[in-house]
Amino acid sequence: MEITFLGTGAGTPSKERNVSALALTLLQEINSIWLFDCGEATQHQLLYTNIKPRKITKIFITHMHGDHIFGLPGFLSSRSFLGGTETLTIYGPPGIEDYVNSSLISSQTHLTYPLVIKEVETGRLIDDEQFIVDCYRLEHGVPSFGYRITEKDRLGELIVEKLRERGIKPGPIYQQIKENPTVVTPDGETLHREHFLGPNKKGRVISVLGDTRYKQEHIAFVKDSDVLVHEATFNDQSAKRAREYFHSTTGQAATIAKEANVGTLLLTHISSRYREEDYPGLLKEARRVFPNTELAHDLFKWTIPHQ
């Protein structure tokens, strides 16, 4: 499980930062990649990675501002040219369906794959065998949402010593035991999987928030996340301006991370008013509140290992 930041700027692209997009790679888990936002030139940024557009099967749009959606029509079209055939599902705020459909119709774009569009509100979006995805409305100038991705706990490791003590030698039966609640051996003995497994492996939790003002109510939504991706458009000295523009500061994002007991805070959506020489100061502000903070840059990667 790995996060790749494709764009970490705010509002307009700069020479240092493209506008918002990030990819969550789940190839080992479900052979898929999920995209969060798709600002202008996202497909260009993908060219600098090993991410294949056909592997992207879900796109989660946080809100309808252009720096988060203007790259979407181009990406959808290119996915067809690049061999995409699997269904692609887009989740996003009210208006996303009209935007996508009108763009495709006006440009006479014909996709080679089924496209499903689901407009969201606060609540549960996905609950399948491996993942839960919840959605929460934030506070911004337009409807803006955060997404919490919860990996369900996985079965623990097979305790081989216990099996050998029962006289069960390595072979296909080991895999059968791992995959089935009960297994009957060739000798007629019934084995219960729970007796031969170690503790479950705790699933990982990633929270990705769209543009938002600081609100204490967000703490509960991102509570105990292994990774929190939070915007930090302004520095702490610009807290008044951040509130006026419905954004957050570095220190406010760090406060959310601290109060929510998250593992790592990744800051993104950095205003173009800040240049490369300003970045250490932005990071220092956040780390004063929450030491385990990183300031993301374009093509920055973060791996989330199993605990």
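Whether any residue in the stretch 66-78 is in contact with an Asp or Glu (Cβ under 6 Å, 6 or more places away or on another chain) and assigned to a helix (DSSP H, G or I) is what I want to check.
Yes, the stretch 66-78 has at least one match.
In summary, residue 83 fulfils each of the numbered conditions (1) part of a loop (DSSP other than H, G, I, E, B); (2) within 20 Å of residue 101 (Cα to Cα); (3) among the small types (Gly, Ala, Ser) with the single exception of condition (2). The set of residues from the stretch 250-285 being over 21 Å from the mean Cα position of the chain (by Cα) and not acidic (Asp, Glu) comprises 251, 271, 272, 273, 274, 275, 279, 280, 281, 282, 283, 284.
Across the stretch 273-288, what is the number of residues that are surrounded by fewer than 16 Cβ atoms within 10 Å (Cβ to Cβ) and of a type in the set (Gly, Ala, Ser)?
Of the stretch 273-288, the ones surrounded by fewer than 16 Cβ atoms within 10 Å (Cβ to Cβ) are 273, 275-281, 284, 288.
Filter again for of a type in the set (Gly, Ala, Ser), leaving 281.
Of the residues in that region, 1 qualify.
Looking only at residues of the stretch 2-23 that are at pLDDT 95 or above and in contact with a Lys or Arg (Cβ under 9 Å, 6 or more places away or on another chain), we find that the one that is surrounded by the fewest Cβ atoms within 10 Å (Cβ to Cβ) is 2.
Residues that are touching a helix residue (DSSP H, G or I) at 6+ places or on another chain (Cβ under 8 Å) and surrounded by 11 or more Cβ atoms within 10 Å (Cβ to Cβ): which strands (runs of 3 or more DSSP E) entirely in the stretch 107-173 hold 1 or more of them?
So the answer is 115-119, 131-137, 145-151.
Among residues of the stretch 196-236 being in a loop (DSSP other than H, G, I, E, B), touching a helix residue (DSSP H, G or I) at 6+ places or on another chain (Cβ under 8 Å) and polar (S, T, N, Q), the one that is surrounded by the fewest Cβ atoms within 10 Å (Cβ to Cβ) is 216. Within the stretch 268-289, residues that are assigned by TED's automatic domain parsing to the domain that holds residue 39 and acidic (Asp, Glu) have Cβ atoms under 8 Å from residues that are surrounded by 13 or more Cβ atoms within 10 Å (Cβ to Cβ) and not in a helix (DSSP H, G or I) in these pairs: 276/16; 278/235; 285/235; 285/249, counting only partners at least 6 apart in sequence or on another chain. The number of residues in the stretch 226-275 that are closer than 19 Å to residue 67 by Cβ and not β-branched (Val, Ile, Thr) comes to 21.
The values are calculated or read from the model by the stated rules, or taken from the named source; none is laboratory data. Model, not experiment: these values are computed from the prediction. Cβ sites come from the backbone with ideal geometry, for glycine too, and all protein chains shown count toward neighbours.
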